[in-house]
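Trainee: Take a look at this one; I'll ask things after.
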Ligand SMILES: O=C1O[C@H](COP(=O)(O)O)[C@@H](O)[C@H](O)[C@H]1O
């Protein structure tokens, strides 16, 4: 079987590195949609038991099937908690299986992974088990500033001792259609060889963890509101040539692949995402123009990591 998506070893070796908001107590959190389950005051309060001082966080009960929603006082607190969540899952799955399959998006998510490459996780995580994939990629050379691979390499992959052959980037020498087909072939091979799990319910690849951001318009991966790609039911990896957000040519996992996941973490920070987040987490539905992020419903667990600006309209 001919495919080329694993050809990243040389890139990993040769790529060059390119070149807090004020906190407020969460006891004041009000929400039209949620019940606050736990509310902790600021990190700086001496009266808080130490076990809660790692991150200032409110856990709120989301509507049915919307998963577990955590709201953090700051993006820094969010990053601390995201690192622990990811490392805990990595440790659990690495003990059970030979591989821990992790899918990442591009964008702001990547910076929110920064605590994972620091102590204690840099030493405690078994990075040799990690297999890294992209939920979407821009069809540009790997050293192009728009490349999701370049961003991940610069901020994350270059800082962890992951075997180069466990990083599955797209073949940037191909067209968008060619790169999508190639990536799908690669993933099919990894499912066949049991490196990636497979959903018994749907037959789609079942990744252990997808770490994704969302766009201010409610897009996830390269699935944009109103675009026909959101309706894809058969393909595992699709191509798009008219992305409303530049660059126009991209590849993306389809929604059924995203929703076959064992765990999805949606990471959302900043006031610019507050409106999309409100729509995503509300029970209201507008059948004509459903936001892609609202369609995220994994077979496994869904977790939301929000900062208070992103959660400001909930
Ligand atoms: O274009 C993209 O945008 C989304 C969101 O990016 P963000 O910077 O607003 O967080 C990202 O998740 C996706 O991977 C990327 O290709």
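The values are calculated or read from the model by the stated rules, or taken from the named source; none is laboratory data. The structure presented is a predicted model; accordingly, all values stated were derived computationally and were not measured. Note that we place each Cβ from the backbone using ideal geometry, even for glycine, and neighbour counts take in every protein chain shown.
Trainee: Tell me yes or no: at least one residue of the stretch 283-301 is more than 28 Å from residue 86 (Cα to Cα), touching a helix residue (DSSP H, G or I) at 6+ places or on another chain (Cβ under 6 Å) and away from the ligand (no atom under 12 Å from the Cβ).
Mentor: No.
Trainee: Does residue 281 qualify as being buried (at least 21 other Cβ atoms within 10 Å of the Cβ), at pLDDT below 95 and out of contact with any strand residue (DSSP E or B) (no Cβ under 6 Å at 6 or more places or on another chain)?
Mentor: When the stated conditions are applied, residue 281 passes them.
Trainee: To continue, here is another question. Yes or no: residue 239 over 23 Å from residue 89 (Cβ atoms), crowded, with 18+ Cβ neighbours inside 10 Å, under 15 Å from the mean Cα position of the chain (by Cα) and within 14 Å of the ligand (Cβ to nearest atom)? Explain how you work it out, then say what you get.
Mentor: Values: over 23 Å from residue 89 (Cβ atoms): yes; crowded, with 18+ Cβ neighbours inside 10 Å: yes; under 15 Å from the mean Cα position of the chain (by Cα): no; within 14 Å of the ligand (Cβ to nearest atom): yes.
When the stated conditions are applied, residue 239 does not pass them.
Trainee: Oh, and also: Select, from 218, 213, the only residue that is on the phi > 0 side of the Ramachandran plot, within 15 Å of the ligand (Cβ to nearest atom) and under 16 Å from the mean Cα position of the chain (by Cα).
Mentor: Matching residue, one of 218, 213: 218.
Trainee: Now, a different point. Out of the residues in the stretch 177-206 that are in contact with a helix residue (DSSP H, G or I) (Cβ under 8 Å, 6 or more places away or on another chain) and in a loop (DSSP other than H, G, I, E, B), state the one that is farthest from residue 106 (Cα to Cα).
Mentor: Filtering first and then ranking leaves 202.
Trainee: Next question, about the same structure. Among the candidates 275, 202, single out the residue that is within 16 Å of the ligand (Cβ to nearest atom), surrounded by fewer than 17 Cβ atoms within 10 Å (Cβ to Cβ) and over 18 Å from residue 148 (Cα atoms).
Mentor: Going through 275, 202 in turn, just one is within 16 Å of the ligand (Cβ to nearest atom), surrounded by fewer than 17 Cβ atoms within 10 Å (Cβ to Cβ) and over 18 Å from residue 148 (Cα atoms): 275.
Trainee: State all residues of the stretch 101-129 that are within 16 Å of the ligand (Cβ to nearest atom), part of a helix (DSSP H, G or I) and closer than 15 Å to residue 89 by Cα; if no residue qualifies, say none. Steps first, answer last, please.
Mentor: Our first condition is that a residue be within 16 Å of the ligand (Cβ to nearest atom); within the stretch 101-129, this holds for 102-114.
Adding the requirement that they be part of a helix (DSSP H, G or I) leaves 107-109, 111-114.
Scanning the stretch 101-129 gives a single hit, 113.
Trainee: Right, here's the next one. Quick check: is even one residue across the stretch 262-271 within 16 Å of the ligand (Cβ to nearest atom) and either assigned to a loop (DSSP other than H, G, I, E, B) or over 20 Å from residue 82 (Cα atoms) (or both)?
Mentor: Yes; the residues of the stretch 262-271 include at least one that is within 16 Å of the ligand (Cβ to nearest atom) and either assigned to a loop (DSSP other than H, G, I, E, B) or over 20 Å from residue 82 (Cα atoms) (or both).
Trainee: For the stretch 244-259, which residues satisfy the criterion of being surrounded by 21 or more Cβ atoms within 10 Å (Cβ to Cβ) and either over 20 Å from the mean Cα position of the chain (by Cα) or within 11 Å of the ligand (Cβ to nearest atom) (or both)?
Mentor: Residues satisfying the conditions are 250, 251, 252, 253.
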